[in-house]
1. How big is Rg to Rh over chain B, alpha-carbon atoms, Rh as the Kirkwood inverse-mean-distance radius?
2. Modelling each spin label as a point 7 Å along the Cα-to-Cβ direction, I'd like the residue B:66/residue B:105 distance in nm, to one decimal.
3. Quick check of the Kirkwood formula: for the stretch A:6-56, what is the inverse mean of 1/r over all pairs of different Cα atoms, in Å?
4. Calculate how steeply helix B:3-19 sits against the longest principal axis of the alpha-carbon atoms of chain B, using the helix alpha-carbon long axis, and give the answer as 0 to 90 degrees to the nearest 10.
5. Give me a comma-separated list of calculated 3J(HN,Hα) values for the stretch B:76-87, in order, Karplus coefficients 6.51, -1.76, 1.60 applied at θ = phi - 60°, integers in Hz, x for any Gly or Pro.
6. Go ahead and estimate [θ] at 222 nm for chain B from helices alone: -39,500 (n - 2.57) per DSSP H run with n ≥ 4, summed, over the residue count, rounded to 500.
7. Would you mind listing how long the stretch B:62-142 runs along its three principal axes, going by Cα atoms, in whole Å with the largest first?
Amino acid sequence: MATTGGTEQLWNDATRHFVHWRDGDTAAMDELVRLLTPVLWQVARAQHLDEETAGDVVQSAWLALVRNPDSVRDPVAVGRWLTTATRREAWRVARQRGRTDPVVDEDLPLPASRSAEEEATTNLRDRSLWHAVAQLSDRCQRLLRVAAFLDRPDYARLAADLDMPVGSIGPTRGRCLAKLRTLLAANGAGPTRGANHD
Amino acid sequence: MTEPDEVLLNELQAMWQRRDPMPVDLPDRIVAAIAAEDLEFELLSLSAITETAVRGDEAQVLECATDELTLLVRISDEPDGSRRVDGWSEGVRQVELLTPVGRRVADVGDGGRFEFDDVPRGPVRLRLRGERKAFQTPEIEV
């Protein structure tokens, strides 16, 4: 899975797989699915859908792509097409059901066990972040989760889905991050991981 | 993006990946769903009804009829030497042309007409989507 810094590489790889698949290489679709599903999962979960529903939403987006590949006019946009399709479908399903319980308020799931000190530190920091995020507005939570996984989110579409003016996405993201920092500081968590803990 | 924002967003990304990871079997589930989607195409058998040479043009006409669809395909030359595929169908709303260099989609017009121009020579297949079912032809040499 890519980090934010590696997102460009992720989209480039996605485009390459998609072009190969359109050219008749069926295995390239498997590669594309394995590459992008982890990101699409996060996009779906940003709408606070339960795990099963989020999985179904991601699957729907893939089937929509396979059924109508020509709706992606430019292969370079396949990643954006899929994230948009996932976000829209997740948004639609969430609205249909009425807003479900925020995922963020649930108890933290236990991570797959690694070892010792590193895990303790990571756990602590994750726990601080998780609880600070949970105190943000619903809009901030969704915006930050999508922003964290997409380097250059399509602001126009994102704005429509979040019911916000396009020009306010960037500033809102900045305010959400500032608010998050304030909450982290208030909870006694350091500004970044790697800071000294004693 | 200012540097601190990027750092914090990266941290959030890592946190969400650890705390709320995708179920490990999700990609397999999706790959299986896509494969099943492909299997749902019923294979058609086409028969040639005529092959004629008119003024040097070579046109090939193929047909297929089942309970759920009828299909007539005419493959002919364009003036520029490339090929074209014209079709008439019933029970079909969208047609996909699979060629060695990619796939193209045509909507089916009034009277069941569809067409693909500028088709490169070589093997192609047609996929046809009806309201409830999808069909696929064997390879046709155009």
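None of the figures in this text is laboratory data; all of them are computed from the coordinates on show. Just so we're clear, the structure is a prediction, and the values are computed from it rather than from any experiment. Neighbour counts run over all protein chains shown; Cβ positions are idealised from the backbone, glycine included.
1. 1.24
2. In this crude label model, residue B:66 to residue B:105 measures out at 2.1 nm.
3. 11.8
4. Result, in degrees: 80.
5. After applying 6.51 cos²θ - 1.76 cosθ + 1.60, I find 8, 8, 8, x, 7, x, 7, 10, 9, 10, 10, x Hz.
6. -7000 deg cm²/dmol
7. 36, 23, 19 Å, listed from the longest principal axis down.
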